[in-house]
1. Taking the criterion of being in contact (Cβ under 8 Å) with a residue 40 or more places away in the chain and under 17 Å from A:Q37 (Cβ atoms), would at least one residue in region B:67-82 satisfy it?
2. For region A:72-113, which positions are of a type in the set (S, T, N, Q) and free of Cβ contacts under 8 Å to residues at least 40 places away in the same chain?
3. Would you pick out the residues in region B:35-55 that are touching a helix residue (DSSP H, G or I) at 6+ places or on another chain (Cβ under 8 Å) and open to solvent by 50 Å² or more (accessible area, probe 1.4 Å)?
4. Being within 10 Å of chain A (Cβ to nearest Cβ) and either under 12 Å from B:F75 (Cα atoms) or within 14 Å of the chain's Cα centre (by Cα) (or both) is the filter here; which residues of region B:33-44 pass it?
5. Does B:L27 satisfy being in contact with a Gly (Cβ under 6 Å, 6 or more places away or on another chain), in a loop (DSSP other than H, G, I, E, B) and either facing chain A (nearest Cβ under 8 Å) or surrounded by fewer than 21 Cβ atoms within 10 Å (Cβ to Cβ) (or both)?
Amino acid sequence: GQQLNQSPQSMFIQEGEDVSMNCTSSSIFNTWLWYKQDPGEGPVLLIALYKAGELTSNGRLTAQFGITRKDSFLNISASIPSDVGIYFCAGQRVGGGADGLTFGKGTHLIIQP
Amino acid sequence: ETGVTQTPRHLVMGMTNKKSLKCEQHLGHNAMYWYKQSAKKPLELMFVYNFKEQTENNSVPSRFSPECPNSSHLFLHLHTLQPEDSALYLCASSPPKGTLGEKLFFGSGTQLSVL
């Protein structure tokens with residue numbers, strides 16, 4: 001099946017630093033989603049991207065839909081302790097519904113005060 | 001609070017036990033899903049229900065048995081599980097196709113341990 005390569009697998013950063021993570025695929029997707037999962041909770045949607053080249057922000061978070069439609073990036077500016085968690089990308093194939101989402105393995109973000 | 005509620009939050013069971021996981025959504029969605037989340041693995045889709053009809057079963061062993069009595073409720077019946085079935089089981093729902101970008105809304109999950 002389709003696979004997403006999400007990197008980095010984990011990040012150890014200082015509070016206040018900016019964060020960048022990305023997902024790449026060998027397949028084209030028509031939607032990219034970014035989720036965050038806090039410890040002991042389910043993933044919560046952060047940003048949804050629907051068009052190649054689209055750049056969307058949600059507070060300190062900014063995500064981009066790659067021009068090739070095979071990748072996406074998530075940036076977090078000026079990280080704070082509550083940003084700790086696991087960030088997942090998910091790609092939705094052309095013509096697929098929510099059951100057609102392919103998830104990355106996640107990026108563990110750990111913030112040192 | 002995502003509008004998707006799962007119970008119990010934690011479950012410990014023996015390999016000979018029978019238990020059920022419950023999921024409720026009050027978002028008016030018509031599709032509901034069961035996912036399995038294991039450490040260092042991508043989320044694995046197990047079952048999909050659209051308007052109470054099962055539309056997908058991703059080669060899940062028969063010891064997992066889903067039930068969807070209506071569009072708001074979803075169950076996962078468990079029996080004779082194996083230790084490797086220990087994982088976080090996530091329920092999700094989504095709006096009808098073509099609306100709101102068909103995004104998934106997840107519950108908080110049931111952390112299952114099989115002894």
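1. no
2. Step one: of region A:72-113, the residues of a type in the set (S, T, N, Q) are A:72, A:75, A:77, A:79, A:82, A:92, A:102, A:107, A:112.
The answer is A:S82, and nothing else.
3. Correct list: B:T55 only.
4. B:Y33, B:Y35, B:Q37, B:L43, B:E44
5. Numbers: in contact with a Gly (Cβ under 6 Å, 6 or more places away or on another chain): yes; in a loop (DSSP other than H, G, I, E, B): yes; either facing chain A (nearest Cβ under 8 Å) or surrounded by fewer than 21 Cβ atoms within 10 Å (Cβ to Cβ) (or both): yes.
The answer is yes for B:L27.
The values are calculated or read from the model by the stated rules, or taken from the named source; none is laboratory data. Note that the structure is predicted; figures quoted are calculated from it, not measured. Counting neighbours? That spans all protein chains shown, and the Cβs are built from the backbone with ideal geometry, glycine included. Just the protein is used for accessible areas: all its heavy atoms, side chains included, with ligands, DNA and RNA removed. Shrake-Rupley method; radii C 1.70, N 1.55, O 1.52, S 1.80 Å.
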